[in-house]
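In what follows, a structure is listed as structure tokens, so that the remarks can point back to it.
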Amino acid sequence: MLAIVFVALIAVLQYRLWVGEGSFAEVHELRQATARQEQENQALRQRNRALEAEVRDLRTGLEAIEERARSELGMIKEGETFFQVVEPREGPDGGGS
């Protein structure tokens, strides 16, 4: 009878070890989730550093503002001449026009 109780106790403990709360599978899954979250946090830290640098540039210098105006709004300085280069479209035979 005592042997049956010990076997049952070992079976219950093994079940919890492999399947129940705090099991190897759950610990492995939590470690993977932690690693994924750490990678995401690292990417967000990098993005935050880039944004902080951009904010610092915008607060201290006009060069960043000028660059944004040129690239995003297509603005030019007074006295500059705007040139638009148009590439010829290729025809169906692969040649120009």
In a GNM of the chain with a 10 Å cut-off on Cα contacts, which of GLN32, GLN84, GLN42 has the highest mean-square fluctuation?
-> GLN84
Summing +1 per Lys or Arg and -1 per Asp or Glu among the other residues with Cβ less than 15 Å from GLY22's Cβ gives -1
Candidate cut points under chymotrypsin sites (Phe, Trp or Tyr not before Pro) in the range 1-49, DSSP loop plus at most 15 other Cβ atoms within 10 Å of their own Cβ, are none
Please give the calculated 222 nm ellipticity per residue for the chain, where each DSSP H segment of at least 4 residues contributes -39500 (n - 2.57) and the sum is spread over every residue; nearest 500 deg cm²/dmol?
-> -23500 deg cm²/dmol
In sequence order, calculated HN-Hα J values of the range 44-57 (Karplus, 6.51, -1.76, 1.60; Hz; x Gly/Pro) = 5, 5, 4, 4, 5, 4, 5, 5, 4, 5, 5, 4, 4, 4
With Cα springs under 10 Å, the Gaussian network model of the chain assigns the largest mean-square fluctuation among VAL27, VAL86, VAL12 to VAL86
Under DSSP loop assignment and at most 16 Cβ neighbours within 10 Å, longest trypsin sites (Lys or Arg not before Pro)-free interval of the chain | 1-76
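Read-outs: derived from the displayed coordinates by stated rules, not from any lab. Computed from a predicted model, the values in this text were never measured in an experiment. Reconstructed Cβ throughout: ideal geometry from the backbone, glycine too, with neighbour counts over all protein chains shown.
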